[in-house]
Each structure stands twice: as structure tokens, then as C-alpha cells.
Amino acid sequence: MIVQIQEVRKILKDTDKIVVLTGAGISAESGIPTFRSNNGLWEKFNLEELATPQGFYKNPRKVWQWYNERRKSILSAFPNKAHYKLAELESKKNFFYIITQNIDGLHQKAGSKKVIEFHGNIFREKCTKCSYKTYNEKIYEELPPICPKCNNLLRPDIVWFGENIPEDVYVQSYEIVEKAEVLLYIGTSAVVYPAAHFIEQSIYRGKIVIEINLEKTQYSDLVNFSLTGRASEIIESITKI
Ligand code: NAD
Ligand code: ZN
């Protein structure tokens, strides 16, 4: 692995066009639970009830209660070294984007500027009927919240299971992945689509693909480098000058 780390460090230093795809694993060391690993959120909670449009319309109050709790835990979390090192790397490159599946906003808190929130953000809200959208870090006492414009239900502006990625977000991400020379994906189980398609797209196009994860994924054997370990430690070692 030491040789691999050295090679990756050189690639990141020499390449100017880099795209990073991040998942829940990069925020795990900030104390935010992941979805699928041991002790992950979906072992304790019911996905159909809490992260689908059907679950929301069945019981909006319950879904909002859960998002209230997740807002609280995300508000008390801080970016970790992995987030900071990526922000530092961005400042040295002309073409450097992060496409994140996370909804916690920690990349931006660490100083990253070019961040695409592929699945939305937990603090954004939108009306279920009209075009009203807002950013709000509030923990609601009265649930569910109602649109100030049309009095219909407000919902978190995140992409739930079974929903499409907004087209502009998808197209922009796709084009960035096409232009990049390197795809680095970090802390994602790589089983949620279409985000995982970016890994396939990059492998197919013959780009340099680098994986960082605590465990192997379905793509580990197909990529150029599969680095196993904690995101913060590996990112620190591959970005050392
Ligand atoms: P996931 O839970 O499916 O997978 C997380 C991966 O990270 C696992 O493979 C795990 O081995 C790895 N991991 C855990 N700790 C790590 C560490 N310290 N260093 C490196 N790797 C580590 O997460 P995913 O692939 O992002 O799943 C997709 C869905 O989960 C997304 O839709 C996302 O919106 C949602 N999600 C977001 C957050 C967040 O915003 N922080 C938290 C949980 C889930
Ligand atoms: Zn409305």
C-alpha cells in the first residue's frame, strides 16, 4: 500500500483535472452515522417510512421528526481532516470538483467551493405544491412545517429513494466527470445509483480511478488504486507535499 500511496500522491500533484465523489464514510469521522455499514442508520430505521415520498405523504410529521433529529446531530458536527484536506487541494487546482452524496454541508464548512450536492441538503426545504424553496437550520417545534406562500406541506429538499436527481444537477455532474482526468471516490459503498454510475463512466473512459474506503466495494478490482482505511488518514497521506 505504501507504493500505491506514493503513486497516488504523484498523480494528484501532477493532474489538474480532478473530480471527487464522496459518500457518508467521509463524514463518519465527524460523528455522523453512515447508512449501510455496521451500526448504520438503516439498521435502526425503516427506509420506506423515512426516505421515500410514499413514507412522507403517509406520515409527514414522523418524517419531519426524524429530519429534526438529523439536523440536530449535523448542526453539532464539524468537518474532519478529510474534508479540510480536500478543500486545500481544491485551492491548488484549476479544475477540481466535489460531487457529494452527503446532505450535511460539511465540505462547504471546510472551505470547499465547487461542491455539487447530488442528493440535496438537509437544511434546504421546498414546498410540495408551489415553487417555494428556502434554506433553514431550524429545529421545528410544530410539525409538519407549512409553506408560507401557499399553506401546503413543506418537505426537505433532498433526493429520496425512488426520486430522480434534478436534471441540471445530473447533467452538470456528468459533464464534470467527462472532463476530469482522475476520479477519486471516498467513503461510499458505491451501491446507490445514479451516483455510482460515475465510477463506471470513469472506468469505461479509461480515466485514472482511485477508491478510498474502509472496506472493498464492487469496483475495487476494476479501478487503478483501491486504498483501504480511514478517509482522514489516507487523504492526509496522499496529499502530503
Ligand atoms: P453508505 O453508508 O452506503 O456507505 C458508506 C461507506 O463508507 C461504507 O462503504 C463504509 O465502509 C465507508 N466508511 C465508513 N467510515 C469510513 C471512514 N472513516 N473512512 C472511509 N470509509 C468509511 O454511504 P453512501 O455510499 O454515501 O450511501 C449513499 C446514501 O447515504 C446517500 O444517499 C447519502 O445521501 C446518504 N447519507 C448521507 C449522510 C451524510 O450526509 N453525512 C449520512 C448517511 C447517509
Ligand atoms: Zn407552497
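Report the trypsin sites (Lys or Arg not before Pro) located in region 143-241 that are in a DSSP loop and have at most 16 other Cβ atoms inside 10 Å of their Cβ, or state none.
LYS149, ARG205, LYS216, LYS240
Averaged per residue, the chain has 50 square angstrom of accessible surface, using a 1.4 angstrom probe with ligands and nucleic acids left out. Loop-located GluC sites (Glu not before Pro) in region 113-177 (DSSP state other than H, G, I, E, B) with a sparse environment of at most 14 neighbouring Cβ atoms within 10 Å: GLU137, GLU141, GLU142, GLU163. Full extension of the chain segment joining LYS138 with ASN94 gains 12.3 nm, where the gain is 0.36 nm per residue of separation less the Cα-Cα distance. In region 179-241, Cα pairs under 8 Å separated by at least six residues give a relative contact order of 31 percent. Scanning residues 5 or more positions from GLY120 or on other chains, those with amide H under 5 Å from its amide H are VAL159, with H placed 1.01 Å from N in the peptide plane. For the chain, the longest principal axis of the alpha carbon atoms and the long axis of helix 60-75 meet at an angle near 40°. Taking every alpha-carbon pair under 8 Å whose residues sit at least 6 apart, the chain reaches a relative contact order of 25 percent.
Applying 0.36 nm per residue to the separation of ASP221 and PHE78 and subtracting their alpha-carbon distance, the gain on full extension is 48.2 nm. A cut-off of 5 Å between modelled amide H atoms, ignoring neighbours fewer than 5 places along the same chain, links ASN136 with ARG124, GLU125. The string of couplings for region 145-154 from the Karplus curve (6.51, -1.76, 1.60, θ = phi - 60°) is x, 10, 5, x, 8, 10, 6, 8, 5, 8 Hz, one whole number per residue in order, with x for Gly and Pro. For an R0 of 22 angstrom, estimate the FRET efficiency from the Cβ-Cβ distance between TYR193 and GLU69 and round to the nearest 0.05. Rounded to the nearest 0.05, the efficiency is 0.20. For VAL20, the residues whose modelled amide H falls within less than 5 Å of its own, excluding neighbours fewer than 5 places apart on the same chain, are TYR97, ILE98, ILE99, LEU184. Rounded to whole numbers, the Karplus 3J(HN,Hα) couplings from phi for region 110-117 are 7, x, 5, 9, 9, 10, 9, 8 Hz, using 6.51 cos²θ - 1.76 cosθ + 1.60 with θ = phi - 60°, and x at Gly and Pro. Region 195-227 and region 96-171 have Cα centres lying 27 Å from one another. Helix 167-179 and the longest principal axis of the C-alpha atoms of the chain enclose an angle of approximately 0°.
Relative to the dominant Cα principal axis of the chain, helix 81-91 is inclined by about 70°.
With all protein chains in place and a 1.4 Å probe, the accessible surface of region 3-148 carries 50 percent carbon and sulfur.
Here the sum of -39500 (n - 2.57) over DSSP H runs of 4 or more residues, divided by the residues of the chain, equals -10500 deg cm²/dmol at 222 nm, to the nearest 500. Modelled spin-label separation between GLN172 and VAL3, with each label point placed 7 Å from Cα along the Cα-to-Cβ direction: 4.1 nm. Remind me, relative contact order of region 115-205 in percent, using alpha carbon pairs under 8 angstrom and six or more residues apart? It rounds to 26 percent for region 115-205. Hey, in the GNM for the chain with a 10 angstrom Cα cutoff, which one of SER112, SER91, SER173 fluctuates hardest? Answer for the Gaussian network model of the chain: SER91.
The values are calculated or read from the model by the stated rules, or taken from the named source; none is laboratory data. Just so you know, these numbers come straight off a predicted model, no measurement behind them. Note that each Cβ is placed from the backbone with ideal geometry, even for glycine, and that neighbours are counted across all protein chains shown. To get the accessible areas, we keep the full protein, side chains included, count just its heavy atoms, and leave off ligands, DNA and RNA. Shrake-Rupley method; radii C 1.70, N 1.55, O 1.52, S 1.80 Å.
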